[in-house]
Amino acid sequence: MTAQVLVVDGPGRVRFVPDEPSGPLPDSGFDVRTRFSGLSAGTDLSWVKGTNPMLSSAWDAELGLFDDARPGAGYPVRKVGYMQVGEVVAAGPSSGRTVGDLVAMTYGHRTAHRADPASERVVPLPHGLDPVLGVYAAHMGPICANGVLHAAAEDGAEDLDAGVRDRTVAVVGAGVVGLLTGLFAAELGAASVTVLDPTPGRRAVAEALGLATRDPDDPGTVADLKRGWRHGPGDHGADVVFQCRGRTAALALALRLLRPQSTVIDLAFYADGADAVRLGEEFHHNGLGVRCAQIGRVPRALRGTWDRDRLSAVTLDLLAARGADIVDHVVTDRVPLAEAPEHLAALADGRRHAGLQTVYTA
């Protein structure tokens with residue numbers, strides 16, 4: 001099997017290099033040819049721009065600390081991306097796969113891959129699902145499902161719908177994470193879902209998906225929404241807010257939208273560290289909370305019943321229910337995989353602008 005892997009050699013320097021597996025295919029392994037590779041604009045471009053904290057600081061996984069005194073991973077970065085769909089082209093007899101199977105994985109932007117099911121997550125894609133939707137099955141969709149699960153855990157529940165059913169839900173940010181999270185909440189029975197984003201085009205996509213929208217930059221938006229979200233005297237606001245935009249102003253907005261003693265479920269990554277977050281106004285006076293719903297872990301109390309595979313399973317349910325809408329409105333750009341290095345470099349330096357969801361195609 002011949003393969004090319006995308007490598008970031010330094011800020012703005014991206015290329016494909018040969019990366020072929022050595023030796024025969026193990027009985028338990030299988031080879032895939034990449035069909036689709038989704039761009040995660042925030043994470044992928046952080047490597048190309050040089051802003052990812054892993055580049056400069058060592059991550060101590062045991063202590064959960066970044067150590068600025070020790071060097072980070074640095075360049076070159078050989079694994080960029082986590083939204084792949086592969087077609088099985090060879091399969092070992094004990095791999096559990098058949099030639100022609102489509103699987104979702106997280107092996108990075110590359111033309112082909114030798115998979116080891118003992119150490120890698122493999123999500124088989126069901127027949128009848130548009131295969132491009134598989135870019136969401138292994139990682140991106142579970143990120144969003146995990147956010148909804150964290151909302152349930154805040155109430156001591158373990159059913160995915162418990163945190164949103166019959167509740168007023170706000171979603172800050174109409175990127176892919178925000179839109180999928182909003183769809184999860186709507187499909188799971190939220191009383192209402194309102195998506196706030198300053199970009200008219202993104203609000204239009206949310207509306208096409210059946211979600212209500214507001215422009216957070218319009219004067220009076222927050223006060224108007226909170227007047228409508230009345231639960232009792234002195235009790236106005238959304239039951240749960242999902243914060244899906246990596247900007248400090250977005251987190252401040254999420255806190256302002258909440259009803260008292262509620263929690264923002266934060267799915268965003270703040271490349272600048274969120275130094276400007278204000279904790280002296282609504283956060284303090286309304287007794288609010290912020291819960292980071294990071295995909296590396298499900299809520300502690302639910303570790304016995306939920307894992308990444310179950311999050312992928314509920315993602316496939318969402319894709320089956322709303323897949324046609326997602327393909328029509330969310331998957332905005334398809335770029336040949338061979339052009340990915342130049343495309344990423346151009347996005348990083350502003351020569352090109354990313355649509356909502358870019359998918360690299362073989």
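The values are calculated or read from the model by the stated rules, or taken from the named source; none is laboratory data. Because the structure is predicted, anything quoted here is derived from the model rather than measured. Please note: Cβ atoms are built from the backbone with ideal geometry, for glycine as well, and neighbour counts cover all protein chains shown. When the accessible area is computed, the model is the full protein with side chains, heavy atoms only, and any ligands, DNA or RNA have been set aside. Shrake-Rupley method; radii C 1.70, N 1.55, O 1.52, S 1.80 Å.
A few points about this structure:
- Structure-based [θ]222 nm, the chain - -39500 (n - 2.57) summed over DSSP H runs of at least 4, per residue, nearest 500: -8500 deg cm²/dmol
- The share of accessible area on the chain that comes from carbon and sulfur is 48 percent, using a 1.4 angstrom probe.
- FRET E, pair TYR75, ARG227, Förster distance 35 Å, beta-carbon r, rounded to 0.05: 0.10
- Ordered by 1.4 Å accessible area with all protein chains kept, ARG322, ARG165, ARG303 run largest first as ARG303, ARG165, ARG322.
- A simple spin-label model places pseudo-atoms 7 Å from Cα toward Cβ; at ASP272 and ALA362 they are separated by 4.0 nm.
- Label separation (GLU342 vs ARG15): 1.5 nm, computed from points 7 Å beyond Cα along the C-beta direction.
- Annotation for MET1 and SER94: the two label points, set 7 Å from Cα along the Cα-Cβ direction, are 1.8 nm apart.
- The chain - charge dipole about Cα centre, Lys and Arg +1 at Cβ, Asp and Glu -1, debye rounded to 20: 300
- Given the choices [x] 50; [y] 20; [z] 14, percent of Cα pairs over 40 Å apart derived from the coordinates of this structure is entry [z].
- Neighbourhood charge, 15 Å Cβ-Cβ cut-off, centred on ILE295 and excluding it, Lys, Arg +1 and Asp, Glu -1: +4
- Listed values for region 122-134 are Karplus-derived 3J(HN,Hα) couplings in whole Hz (6.51 cos²θ - 1.76 cosθ + 1.60, θ = phi - 60°), namely 10, 10, x, 8, x, 4, x, 7, 4, x, 5, 5, x, and x replaces Gly and Pro.
- Computed E for ALA204/ALA321 - FRET, C-beta separation, R0 30 angstrom, nearest 0.05: 0.90
- Rolling a 1.4 Å probe across the protein heavy atoms gives the chain an accessible surface of 45 Å² per residue.
- Alpha-carbon centroids, region 125-152 and region 315-346: separation in whole Å: 13
- Here is what passes the span test in the chain: the DSSP H helices with alpha carbon length of 18 Å or more along the helix axis and a Kyte-Doolittle mean of -1.0 or above are 140-154, 308-329.
- Efficiency of FRET between ALA118 and MET54 - r from beta-carbon atoms, R0 25 angstrom, step 0.05: 0.50
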